[in-house]
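The values are calculated or read from the model by the stated rules, or taken from the named source; none is laboratory data. From a predicted model like this one, the values you see are computed outputs, not experimental measurements. Using ideal geometry, Cβ is built from the backbone for each residue, glycine included, and neighbour counts are taken over all protein chains shown.
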Amino acid sequence: MEIATLEPTASAEPPAGTERARRSAGRRFGGGRPWGHPFFLESFTWIYLVWSILPIAIAVLFSFNNGKSQSSWQGFSMRWYTGDPTQSVLHDPQLQAAVIQTLRLCLLATVITVPLGVAFAIGIDRWRGRTSDTFNFVMIFSFVVPELLLAVAVMFVFTQMFSFIHLGTMAEVLALVVWNVSWPAVIVRARLVGIGKAYEDAACDLGASKLSAIRRVLIPLLMPAIFASAVLVFASVIDDFVLVEQLSSTANTQSMAVVIYSNARGGLGGPALNALATLMLAFSLVIAVLGYFGYRWMTKGERGSRAAALTSIAGI
């Protein structure tokens with residue numbers, strides 16, 4: 001009895017017409033990409049970048065101008081930062097107070113907002129009840145309520161109902177906390193969803209209490225998200241204008257954004273204001289860069305890309 005042996009057959013080749021059509025499409029669209037090179041999208045991106053960055057670059061450049069002109073270059077100088085004895089940021093009392101007040105608001109708002117947001121995120125994630133969906137909506141409060149509406153409402157509350165809270169630094173900090181508490185809540189809860197409850201359950205199985213499991217296991221795992229939310233809140237408060245403008249009481253409680261807008265709107269703009277705006281931009285960039293590298297360092301044991309770090313710092 002003979003046993004028929006099966007010999008491997010060559011894979012079926014596509015018809016010659018199909019192969020010819022594929023090569024023709026590859027030559028037509030360039031390298032086999034069906035959509036070709038996205039020239040329109042690339043051009044639009046470059047136009048947008050130039051349109052956005054060029055005015056800022058010009059303002060930064062003229063903050064180093066030796067003269068008061070905003071149109072003609074008169075030489076490089078640090079006059080409007082430290083050199084001028086009366087009009088520089090270092091020596092002008094109004095500009096100096098604006099820098100100090102901005103940093104004060106950033107620090108106070110961040111220190112208060114981040115712990116509240118973290119506690120809010122943990123509570124919402126662990127809470128199971130009929131009203132949890134309602135508080136999930138509260139978590140995204142600042143994303144749906146216009147900032148101007150919140151500013152006017154908070155000003156009314158502080159001036160009519162809780163008059164013991166005077167307009168100024170305290171009112172500004174409280175309003176900024178209400179406005180920004182959603183950022184750490186959203187970012188931290190997103191990481192909570194990714195972590196799950198396995199680590200806490202393992203700690204409890206090994207004898208740790210719930211509070212000890214949160215303090216020794218959960219919080220260290222949440223540190224990258226906490227750090228990213230702190231960076232985001234700090235950077236958001238730096239250029240906040242609406243809340244601070246509505247709740248400031250004197251010139252000493254105005255931030256850099258309010259001072260820049262008020263002076264420019266009143267026709268008092270100049271290189272000193274450009275220098276103040278450049279400092280505000282520098283603060284934001286430094287915080288963003290530190291946040292990016294700090295987040296990358298804190299998550300170096302995890303599989304994450306640079307895009308993931310950028311999206312976490314940006315709050316996306």
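Below is a table of values for the structure above.
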read-out	value
Criterion violated by Val60 - all others in (1) over 29 Å from Trp183 (Cα atoms); (2) in contact with an Asp or Glu (Cβ under 7 Å, 6 or more places away or on another chain); (3) touching a residue at least 24 places away in the same chain (Cβ under 8 Å) satisfied	(2)
Residue within the range 141-149 that is part of a loop (DSSP other than H, G, I, E, B) and without any contact (Cβ under 8 Å) to a residue 60 or more places away in the chain present	yes
Any hit, the range 164-186, residues being modelled with pLDDT under 85 and surrounded by fewer than 14 Cβ atoms within 10 Å (Cβ to Cβ)	no
Residues (exposed (fewer than 10 other Cβ atoms within 10 Å of the Cβ) and of a type outside the set (A, V, I, L, M, F, W, C)) located in the range 39-51	none
Residue in the range 187-205 that is under 30 Å from Leu281 (Cα atoms) and part of a loop (DSSP other than H, G, I, E, B) present	no
Pick from the range 167-186, criterion in a helix (DSSP H, G or I) and among the β-branched types (Val, Ile, Thr), ranking: farthest from Ala251 (Cα to Cα)	Val186
Residue check for Ser262: among the hydroxyl-bearing types (Ser, Thr, Tyr), touching a residue at least 24 places away in the same chain (Cβ under 8 Å) and closer than 24 Å to Glu172 by Cβ	no
Identity of the residue in the range 33-91, part of a loop (DSSP other than H, G, I, E, B) and hydrophobic (A, V, I, L, M, F, W, C), that ends up farthest from Leu279 (Cα to Cα)	Trp35
Which numbered condition Phe164 misses (of (1) without any contact (Cβ under 8 Å) to a residue 12 or more places away in the chain; (2) in a helix (DSSP H, G or I); (3) over 19 Å from Thr113 (Cα atoms))	(2)
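Yes or no, residue by residue, for (1) modelled with pLDDT under 85; (2) surrounded by 14 or more Cβ atoms within 10 Å (Cβ to Cβ):
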site: Ala208; (1), (2): yes, yes
site: Glu245; (1), (2): no, yes
site: Ser248; (1), (2): no, yes
site: Ser255; (1), (2): no, yes
site: Tyr261; (1), (2): no, yes
site: Thr278; (1), (2): no, yes
site: Ala307; (1), (2): yes, no
site: Ile313; (1), (2): yes, yes
